[in-house]
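Asks: Mind looking over this structure? Questions follow.
Derivation of every value follows stated rules applied to the coordinates shown; laboratory data play no part. These numbers come from a predicted model, not from an experiment. Note that we place each Cβ from the backbone using ideal geometry, even for glycine, and neighbour counts take in every protein chain shown.
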Amino acid sequence: MLYLSVLLLLAGVVLLVLRRRRVADSPVATVSGVVCALLGLALGLTTLVHVVAPYEVAVPTTLGKVGGTWKSGLHLKSPLTDVATFSTRPADLDLTGKDTVEVRSSEGGVLYADLTVKWSIDPQHTLALYRLAGSASAVQQRLVYPDTREIVRNVFARHTGVEGYSSQREAISAEIERLVTARLAPRGILVNGVNLRNVKPSDSLQHAIDQKIQQDQATAQAEAAVRTARAEAEKRKIDSESTAAANRAIADSLTDRMLMSQCIDAFKAAAEKNPVYASPCGSVGSPVIVDGTKR
């Protein structure tokens, strides 16, 4: 802009000088000279001011010397001053598509993680960020992007494939956010959130996960069958013990006197219907023939 304003001023002055010396004696030359001079002057004035928009912070540099931070508003500057502008609005770093992070689990399996990092610049650290990165776009590419990818790989490396794919996904996302925040905060980068949107295992890892799930299901079924068999065996044991106890109780109650009493009762019942019958009431268990017609 400065060079253009100087060229326009020179062109206007040349045209006016030529018009005055009657080298270019034409109204067009006069008008062109005036217009060029005015345009050059206007452009020159714009090089003396700089407007910082709302939600922005600027860092001026004059001949290699870095100045103080400029907040939003109008600022006077030298024509030789370059201004680097940083937005303080939240920005999103989307690690998806070609930027998807390829990670490895603690077992060596490959997964692909898609996530979004919401970050913004702390205005108080703008000068430090300018020295580290040089521009607003470089802050994301040189600081947020590589640090996030490194932390994501390190976190997934401490978990198994199943944990990273399903069971510990929320815990992994929280751990990534905590570590990214701790890494970037001292540099003046505020992390407003990390969203682990999708974790996809590679084909080989998916096959291994399916096999492990099938093995776990088969193991669970086998354990359930063992528990059922143990329960049935325990039930049969209890039933047999109960039967044995009942038989022992009956055997203990069948004394000679008890048997004789039952024999006498049987004799009385049979005597009423049968004139002659056999009653097993002998001393050695042999039957006794009784004639029921005799008293």
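Asks: Peptides 172-185, 134-147: what's the order by average Cβ count within 10 Å, highest mean first?
Replies: 172-185, 134-147
Asks: Quick check: pseudo-label points 7 Å beyond the Cα along Cα→Cβ at Leu190 and Gln141, how many nm apart are they?
Replies: Inter-label distance under the simple model: 2.6 nm.
Asks: OK, next. For the pair Ala244 and Ser166, what calculated FRET efficiency results from E = 1/(1 + (r/R0)^6), where r is the Cβ-Cβ distance and R0 = 35 Å, to the nearest 0.05?
Replies: With a Förster radius of 35 Å, E is 0.10.
Asks: Determine ³J(HN,Hα), in whole Hz, for all residues of segment 151-156 in sequence, where each value follows from phi through the Karplus function 6.51 cos²θ - 1.76 cosθ + 1.60 and θ = phi - 60°; x replaces Gly and Pro.
Replies: In residue order, the calculated couplings are 5, 4, 5, 5, 5, 5 Hz.
Asks: Where Rh denotes the Kirkwood radius from the mean inverse Cα pair distance, what is Rg over Rh for segment 104-244?
Replies: Numbers: Rg = 25.3 Å, Rh = 18.7 Å.
So for segment 104-244, dividing Rg by the Kirkwood Rh gives 1.35.
Asks: In segment 127-203, how does Rg compare with the Kirkwood Rh, expressed as the Rg/Rh ratio over alpha carbon atoms?
Replies: Rounded to two decimals, Rg/Rh equals 1.05.
Asks: Mind giving me the nanometre distance, one decimal, between the label points for Thr61 and Ala233, set 7 Å out from Cα along Cα→Cβ?
Replies: 8.1
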